[in-house]
Amino acid sequence: MDLNLNLGFDVPEPDPKWVEAVTSLRERPPRTIAQSKASAEVPRMFAENLVVLRRGRGLSQEGAADRAGLTRSEISLLERGRRTPRLDTIVRLGGALETEPCELLMGLAIQLDPPPKGGSK
């Protein structure tokens, strides 16, 4: 694929592993989870995306941690779904993986629980 867009410089070809990783996330159907199960399922689903993207960049946990200003232990906890990432952590990981932070949340959708009968609107 020729990515020279007459920008005055050559745009490097993307790494095939990275293209495959991002494509696999984008082509995966959204997984809807019940609001009541979100606190358990969101970290697990985020973890799957983080592993795919980190490996797609060819980074070790330590390499990703160094780039994001985190510890390897934090990356490990996130990748095992044992820790829910804060918003700033998602942004830092996006920068470390040279991608938009939203790629780390790809495919996550929460189905809101119905309001209780007789409850407020």
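Just so it is clear, none of the values below were taken in a lab; they were calculated from the coordinates. On a predicted model such as this, the values are computed, not experimentally measured, just so you know. We place every Cβ from the backbone using ideal geometry, glycine too, and count neighbours over all the protein chains shown.
Annotations for the structure displayed:
- Taking the conditions (1) in contact with a helix residue (DSSP H, G or I) (Cβ under 8 Å, 6 or more places away or on another chain); (2) within 26 Å of Glu20 (Cβ to Cβ) in turn, Pro30 satisfies each one other than (1).
- Residue tally, condition assigned to a helix (DSSP H, G or I) and either in contact with a Cys (Cβ under 7 Å, 6 or more places away or on another chain) or not β-branched (Val, Ile, Thr) (or both), over segment 32-75: 30
- Single unsatisfied condition, Leu50 versus (1) farther than 25 Å from Glu13 by Cα; (2) in contact with an Asp or Glu (Cβ under 6 Å, 6 or more places away or on another chain): (1)
- The residues of segment 76-101 that are part of a helix (DSSP H, G or I), more than 22 Å from Ala38 (Cβ to Cβ) and among the hydroxyl-bearing types (Ser, Thr, Tyr) amount to a single one, Ser76.
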